[in-house]
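To start, the structure itself, in structure tokens.
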Amino acid sequence: MKFLEIARKDLKAEFRTKQMLNSMMIFALLVIVIFYFAFGNEASIFIQGINKKIVDLLAPGMLWIAFTFAGMLGLSRSFAGEKEEGCLEGLKLCPVDRSDIYNGKVLSNAVLMLLMEMTTIPIFVVLFSYDIKNIPGLLLVIILGTSGFIFVGTLLSALTVNTRTREILLPVILFPVLFPLIQLAVSATASMLASGAISEITGELQILIVYDVIFFIIAQMVFEYTIED
Amino acid sequence: MLKKVLFILAAIITLVSAYIVFFVAPVPIEPTEAAGDPNNFKIFYFHLPIAISAYLSFAIVFVSSILYLRSKKQKWDIIGLSAAEVGVIFAFLTLATGSLWAKSAWGDYWVTWDVRLNTSLILFLIYLSYLMVRQAVEEPEKRARLSAVFGIIGFVSVPISFLSVRFVTQKMHPCVVPPCAGSEGGGIGGVVLVYLILNFTAYFLLAISLMLLKIDNEQLKEKINEVKRQKNL
């Protein structure tokens, strides 16, 4: 359970300044506001004989754009912060397994990102006067999607931390790997927002779980190579 | 010597199969049934072999990444790099030839939400970012290590992309090569199969030759660096 200590250290440091959490939350808020100004809540479009509000079509993608972009901010700082003052060396000297460092980072990143998401959704609901049909279902989708995002993102964040152009490189290499995850999450979120029957998205949930499990295991195996000297 | 023979063989077979595709190979579709110009089927003769060669190159990247992390031998890194570069080119050609064919057969260059199209696109993007990782690190040992990690992650995400894209999809792209679920496949057989195999040989040889050239190239680069280090240049 050593990874809990590492996560606790990260969260303690974070909650002292709240630097990262604040910028993530405000960034996500800004993304939602930009969409609000761009598409409003009244505009509608005529598709296949039905008059649909534009927000209904865009909502799931909008949410996940806000989540992934804001989450990316947190991820890029997650290991970059450790580079200062040789903290990463200190971490590596800890008498713990290398994968414990990864698991600790995963936990602290996931907590920050879930906090950001839990504040973004109410803002979205208020601004677009949106009615979410199945809130527990949506939470499930968000948790599965976020864990996949964090599993891959933490690993790649460790990978890019030693490169020259880490801030730019992380999104460039992370997004191609995330495509399936974002796509499944958006499609499942759409069902949860609109109709709300969990039975509609069992397929998406299954593949999301497979994605999470596969990348979690792979990360356990290859993480040590990313921070080794 | 053996390499030279291989290169010459690759050149000859590629040229011959290109000639055959344009002037000899039949179009196995009735003109009335064909979508668009029936001759657009001829793209298939090199579209499929190029795509499979790209997939094979990516598999080589995956395997050599694992072997590099296990053994830390530089040759695996060089093999991985060469395979990735060739794979990216072939993946791009797959997208290009596929788009041309799609324009003629389906009326659009790109059909949104088709499984194979999107999987090929994602594959192309993943290995582009593999090359980006390599570009971002200067120290050879670290570059080899980090890109090997990404080579593994990237390859693993491909089957999941395929699964996920299939989810929200109608199928445009036909299943041509058996075994196909549900149907008999696109009716490949007889002389078409022979020409197809010829094209497969051509593009496999081409891909391997390009990889070998790139490997030689990288090894020479290493030698130059070695000499430079020794002479303190």
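The values are calculated or read from the model by the stated rules, or taken from the named source; none is laboratory data. Model, not experiment: these values are computed from the prediction. Cβ: placed from backbone, ideal geometry, glycine included. Neighbour counts: every protein chain shown. Protein only, heavy atoms only, side chains kept; ligands, DNA and RNA dropped before computing areas. Shrake-Rupley method; radii C 1.70, N 1.55, O 1.52, S 1.80 Å.
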Notebook entry, point to check: Could we say that A:Asn103 is touching a Gly at 6+ places or on another chain (Cβ under 8 Å) and over 14 Å from A:Gly71 (Cα atoms) here?
Noted result: no
Notebook entry, point to check: Is the stretch A:37-44 home to any residue that is buried (at least 21 other Cβ atoms within 10 Å of the Cβ) and of a type in the set (A, V, I, L, M, F, W, C)?
Noted result: no
Item checked: Matching residues, the stretch A:167-184, being facing chain B (nearest Cβ under 8 Å) and under 14 Å from B:Val137 (Cβ atoms) -> A:Leu169, A:Val172, A:Ile173
Next item on the list: For A:Leu29, state whether it is at pLDDT 90 or above and either farther than 25 Å from A:Ile143 by Cβ or open to solvent by less than 30 Å² (accessible area, probe 1.4 Å) (or both).
Entry: no
Margin query: Among the listed residues B:Tyr45, B:Tyr68, B:Tyr55, identify the single one that is open to solvent by 60 Å² or more (accessible area, probe 1.4 Å), in contact with a helix residue (DSSP H, G or I) (Cβ under 9 Å, 6 or more places away or on another chain) and among the hydroxyl-bearing types (Ser, Thr, Tyr).
Written below: B:Tyr55
Checklist line | Residue count, the stretch A:175-229 (criterion: assigned to a helix (DSSP H, G or I) and among the charged types (D, E, K, R)) | finding: 4
Next item on the list: With respect to A:Lys53, determine if the residue is surrounded by 13 or more Cβ atoms within 10 Å (Cβ to Cβ), basic (Lys, Arg) and touching a residue at least 24 places away in the same chain (Cβ under 8 Å).
Entry: no
Next item on the list: Please work out if A:Gly203 is farther than 19 Å from B:Leu125 by Cβ, open to solvent by less than 30 Å² (accessible area, probe 1.4 Å) and at the interface with chain B (Cβ under 7 Å from one of its Cβ atoms).
Entry: yes
Next item on the list: Give the stretch A:115-172 a look and list any residue that's small (Gly, Ala, Ser), surrounded by 17 or more Cβ atoms within 10 Å (Cβ to Cβ) and farther than 13 Å from A:Ala185 by Cβ, or say none.
Entry: A:Gly153, A:Ser157, A:Ala158
Check: Only one of A:Ile135, A:Ile227, A:Ile201 is within 30 Å of B:Met132 (Cα to Cα) and of a type outside the set (Phe, Trp, Tyr); which?
Finding: A:Ile227
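Matching residues to (1) surrounded by 13 or more Cβ atoms within 10 Å (Cβ to Cβ); (2) modelled with pLDDT under 90; (3) over 30 Å from A:Gly153 (Cβ atoms):
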{"position": "B:Ser120", "(1), (2), (3)": "yes, yes, no"}
{"position": "B:Gln170", "(1), (2), (3)": "no, yes, yes"}
{"position": "B:Cys180", "(1), (2), (3)": "no, yes, yes"}
{"position": "B:Val194", "(1), (2), (3)": "no, yes, yes"}
{"position": "B:Leu205", "(1), (2), (3)": "yes, no, yes"}
Note to self: Given the criteria modelled with pLDDT under 90 and surrounded by fewer than 17 Cβ atoms within 10 Å (Cβ to Cβ), does B:Lys3 qualify?
What the structure shows: yes
Item checked: Qualifying positions in the stretch B:82-116 - open to solvent by 20 Å² or more (accessible area, probe 1.4 Å) and within 14 Å of chain A (Cβ to nearest Cβ) -> B:Thr112, B:Trp113
Item checked: Criterion: assigned to a helix (DSSP H, G or I), farther than 20 Å from B:Phe204 by Cβ, of a type outside the set (Ser, Thr, Tyr) and modelled with pLDDT of 80 or more - qualifying residue of B:Phe22, B:Phe44 -> B:Phe22
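Do we find a residue being open to solvent by 20 Å² or more (accessible area, probe 1.4 Å) and either aromatic (Phe, Trp, Tyr) or touching a Cys at 6+ places or on another chain (Cβ under 9 Å) (or both) anywhere in the stretch B:20-33?
Looking through the stretch B:20-33, at least one residue is open to solvent by 20 Å² or more (accessible area, probe 1.4 Å) and either aromatic (Phe, Trp, Tyr) or touching a Cys at 6+ places or on another chain (Cβ under 9 Å) (or both).
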Next item on the list: Name the single residue, out of those in the stretch A:112-145 being assigned to a loop (DSSP other than H, G, I, E, B) and hydroxyl-bearing (Ser, Thr, Tyr), that is nearest to A:Asp229 (Cα to Cα).
Entry: A:Tyr130
Note to self: Of everything in the stretch A:210-226, what is within 11 Å of chain B (Cβ to nearest Cβ), surrounded by fewer than 21 Cβ atoms within 10 Å (Cβ to Cβ) and not charged (D, E, K, R)? Give them in sequence order.
What the structure shows: A:Val210, A:Val213, A:Ile214, A:Ile217, A:Ile218, A:Met221, A:Tyr225
Notebook entry, point to check: If you check B:Leu146, B:Leu125, B:Leu121, which single one turns out to be within 10 Å of chain A (Cβ to nearest Cβ), over 21 Å from the mean Cα position of the chain (by Cα) and assigned to a helix (DSSP H, G or I)?
Noted result: B:Leu146
